[in-house]
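The block underneath contains the structure these notes are about, expressed in structure tokens.
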Amino acid sequence: MTVPTASADAALRLVLGESAFPHDLLGAHPFSLDGVDGVVIRAFQPDAASIAVVLGEQRWPMTRDEHGVFALFLSDRAVPLPYRLEITFDDGRVVRRDDPYRFPPTLGEMDLHLFNEGRHLRLWEKLGAHVCEIDGVAGTSFAVWAPNATRVAVIGAFNGWDGRAHPMRRLGASGVFELFVPGVGADALYKFEIRSPSGALRVKTDPYAFKMEPGPGHASIVQARGTFDWTDGAWLARRADADPLREPMLVYEVHLASWMRGEHNRLLTYRELAPRLAEHVKRMGFTHVELLPVLEHPFGGSWGYQVGGYFAPTSRHGAPDDFRAFVDTMHEEGIGVLLDWVPAHFPKDDWALRRFDGTACYEHEDPRLGDHPEWGTHIFNYARPEVRNFLLANALYWIEAFHIDGLRVDAVASMLYLDYGREAGQWLRNRFGGRENLDAVSFLKQLNHAVHSLHPGVITVAEESTSWPKVTHPVSEGGLGFTLKWNMGWMHDTLDYFKIDPFFRKGAHDKLTFAMMYEYSERFMNPLSHDEVVHLKQSLLEKMPGDVWQRFANLRALIGYSVTRPGKSLFFMGTELASHHEWNHDVSLEWHLMGDARRQGLMAFMESLGALYRQHSCFWRRDHEPSGFGWIDVSDKEQSVLSYARYDGSTHAMVLLNLTPVPRDAYRLGAPAMGTYHVVLNSDATAFGGSGYAVADVVEAEAVPYHGFPQSVTVSLPPLSMMVLLPAEPGDARAVVEVVSERVARDTPPLGSRTRGTEPAKAAKAPKAPKAPKAPKVPKVPKVPKVPKVPKAPKVPKAPKVPKVVEQSRVVEQPKVPKAPVTPKAPVTPKAPKVVEKPKAPKAPKAPSSNAT
């Protein structure tokens with residue numbers, strides 16, 4: 001019989017690589033020829049010398065027409081027909097394979113409908129590349145959204161990167177192109193070749209790729225279906241039943257590429273990092289790690305915030321299953337994993353999302369809406385349902401595929417405002433004439449509703465730096481629905497305060513107290529993040545005023561204040577090392593600093609603080625309730641002393657801050673209850689690098705009304721210190737400092753290596769969380785009221801005797817003071833009969849008229 005010819009126009013478009021509907025021509029189709037019913041099979045393969053159809057043991061050669069399309073008519077046959085093609089290439093190679101164009105679509109009508117509405121909650125299972133089996137034939141299904149493309153083809157080593165070999169079919173008006181390619185399996189590299197409306201060819205990586213090739217190739221890599229054997233079922237069950245707002249949350253922010261490196265500055269793998277990081281943060285008392293974005297990003301200097309592959313963990317540290325092992329290890333050690341997530345913008349790399357199909361696909365066409373002038377990136381078009389679905393599915397993907405415990409959403413403020421970072425005339429108003437990005441607001445509400453309803457216990461945290469209302473209020477109450485919001489105002493005010501020389505701090509007292517005026521307007525996390533130790537902002541230690549000893553004392557007080565005030569807390573990695581340098585993302589943290597006694601003391605303090613925080617619910621149970629906090633005295637700005645209590649029902653703790661280098665003896669404070677109080681944490685303890693200034697371990701409340709309380713206590717406040725007092729109870733955890741003192745005595749750094757940029761030796765075994773209390777051994781002090789001698793600062797050069805100076809005689813000897821430990825700019829009075837002269841009332845007065853020294 002005469003072989004039926006193909007449509008000349010369709011064949012020409014196919015051969016020229018312009019066909020959006022190759023299945024209309026290629027593959028097997030019912031056909032009637034000269035009254036005989038049967039099937040016509042057409043095939044096209046560039047560089048093919050001949051093609052034959054193989055069906056069982058039978059083989060029929062195909063006829064080639066003038067366009068290069070091969071065809072064969074088989075009578076008395078019907079579709080589907082399980083045939084194969086035998087292709088002989090011009091170079092003599094012969095290949096047998098199943099015809100991609102004989103298989104049905106891998107996406108159903110419901111999938112497409114939900115996607116076009118922006119409501120497909122498992123979109124990553126449909127778009128992208130998926131190893132699968134259809135009709136007993138193994139291969140990979142490919143699907144991509146390119147709504148304005150005139151043709152899309154999948155290319156890879158399996159077809160010589162030739163876009164003519166595997167053109168994909170367009171599925172109706174959905175904008176989705178799809179093709180099942182038999183024989184393509186896991187680890188195959190691929191990209192999409194897209195013809196734009198103008199006819200230009202664009203080669204793009206898969207937006208839904210699960211793994212990506214490192215630059216400069218940036219190819220997507222096919223991944224087999226997940227087979228990772230998770231062991232964190234108990235963790236996930238507890239997470240689902242817990243209320244994260246009423247649980248301890250002390251977060252260690254980590255950039256995996258620079259937390260620790262191996263020999264010759266080698267990047268460690270996820271599996272190498274996991275046990276070391278877990279041991280370290282567990283030892284320090286942290287409850288969670290927050291990872292700077294591990295989503296694939298082309299430029300390491302972006303720290304992950306300019307994402308090129310939203311569904312792919314960066315291959316810098318290993319494969320996706322290696323990252324699963326990282327999370328699993330963290331959960332096994334009782335550490336939650338939060339992930340920085342970037343739905344606000346994406347980079348302008350031409351191989352990624354930018355003008356994906358030759359038009360503004362994921363971004364706005366108008367640069368006044370689609371460009372971010374400050375960062376040189378594109379802004380997502382939140383008005384487009386398919387773009388919203390891409391981001392929504394991506395968030396759920398990290399939670400479901402990698403068991404992530406929460407998402408910290410980056411740059412929320414830039415999403416909320418149309419004029420963010422723009423001058424007049426550079427932005428467009430919304431439909432009501434305002435500057436609010438209503439589409440972004442709608443998306444954020446949809447995101448938070450989906451995450452919290454589908455995954456109870458998973459949190460979302462907004463990095464939002466403005467006064468936008470109700471960021472953490474429920475969507476049902478008109479809020480955005482986030483679990484927590486970074487308290488950027490608190491962070492800036494607090495750091496501004498601690499930068500001030502203590503002599504002038506009384507003029508800035510309100511910077512520490514103002515945050516409580518709005519504390520309960522949202523649910524806050526207190527961040528001291530990576531952004532504060534880069535770009536010439538200096539390290540935390542270098543922000544502190546004074547000489548080296550005072551800087552460390554200030555830093556300990558800052559950390560103690562951050563953890564014990566209301567709100568969850570976050571610290572950037574390396575805070576415990578107190579580096580003099582800013583963070584450098586290209587090298588490891590300076591682990592060799594752990595050989596320094598001051599750093600050992602700081603880390604000991606943070607360990608004790610973390611243990612104390614986790615053990616006592618008054619520090620976290622009611623973080624976001626006014627009943628969980630109360631000022632004791634907020635008004636002593638003259639002496640820069642601040643005191644407050646934290647509550648959880650009948651339990652409470654007192655926190656005292658003395659933020660000048662002048663000790664305050666016989667300082668009277670109101671107390672929440674009568675009875676005995678123990679000093680369970682003192683940042684001035686010698687074990688922490690403090691002066692060891694004389695402080696009674698135990699104080700008794702007296703029936704002396706003070707600060708609005710019917711009872712009060714009298715304590716000594718060491719210089720530049722924070723102290724925590726707990727009421728005595730049976731089994732009360734008193735001297736947490738004991739635990740870390742033992743480690744300091746052993747002189748064993750927590751992470752072994754003292755060579756910068758190299759892989760440290762095996763760490764010392766992390767101590768167990770402190771159990772029932774014992775009387776504090778650190779610091780050892782003489783009994784009150786005996787006047788102590790001037791204490792020596794730990795491991796510092798010996799200083800000459802102190803001259804007769806009254807107030808400054810109480811300041812601890814500082815390493816860099818040549819003659820006397822006189823703090824610059826501190827007031828000096830004319831009389832100085834003795835060192836560390838006590839106030840006029842050596843015995844605690846019952847009702848002193850003033851707390852002034």
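Things worth noting here:
- The HN-Hα couplings worked out from phi for segment 439-453 by the Karplus form 6.51 cos²θ - 1.76 cosθ + 1.60 (θ = phi - 60°) are 5, 5, 4, 4, 5, 4, 5, 4, 4, 5, 4, 5, 4, 6, 7 Hz, whole numbers, x standing for Gly and Pro.
- Put HIS280, HIS113 in order of accessible area, highest first, and with a 1.4 Å probe you get HIS113, HIS280.
- Each part gets one Cα centre, and for segment 535-613 versus segment 82-128 those centres are 54 Å apart.
- For segment 251-378, share of DSSP beta bridges that run antiparallel, in % to the nearest 5: 45
- Compactness of segment 163-271 - radius of gyration and Dmax, Cα, Å: 21.1, 59
- Relative contact order computed over segment 96-155 (Cα-Cα under 8 Å; 6+ residues apart), in percent: 23
- VAL587-THR466 pseudo-label distance in nm [points 7 Å out on the Cα-to-Cβ vector]: 4.0
- Relative contact order (%) - criterion: Cα under 8 Å, at least six apart; region: segment 204-338: 33
- For segment 250-362, with all protein chains in place and a probe radius of 1.4 Å, 49% of the accessible heavy-atom surface sits on carbon or sulfur.
- Restriction of the GluC sites (Glu not before Pro) in segment 292-366 to DSSP coil positions whose beta-carbon has at most 16 other beta-carbons within 10 angstrom yields GLU333, GLU365.
- Accessible surface of segment 92-208, 1.4 Å probe, proportion on carbon and sulfur as whole %: 51
- Segment 181-223-segment 635-665 distance, computed between alpha-carbon centres (Å): 60
- Accessible surface calculations at 1.4 Å, restricted to protein heavy atoms, place segment 1-99 at 51 Å² per residue.
- Probe 1.4 Å, protein heavy atoms only - accessible area per residue of segment 637-724 in square angstrom: 22
- Based on the reciprocal of the average 1/r between different C-alpha atoms, the Kirkwood radius for segment 495-602 equals 15.0 Å.
- Percent carbon-and-sulfur accessible area, segment 686-730, ignoring ligands, DNA and RNA, probe 1.4 Å: 59
- Pairs over the 19 Å Cα-Cα cut-off, from the set LYS204/LYS348; LYS282/LYS485; LYS445/LYS568; LYS211/LYS282: LYS282/LYS485; LYS445/LYS568; LYS211/LYS282.
- Per-selection metrics, segment 562-656 (Cα): Rg and Dmax in Å: 16.6, 49
The values are calculated or read from the model by the stated rules, or taken from the named source; none is laboratory data. As the structure is a prediction and not an experimental result, all values here were calculated from the model. Positions of Cβ are backbone-derived with ideal geometry, glycine not excepted, and every protein chain shown enters the neighbour counts. The protein model used for the area step is the full one, side chains on, heavy atoms only, and it has no ligands, DNA or RNA in it. Shrake-Rupley method; radii C 1.70, N 1.55, O 1.52, S 1.80 Å.
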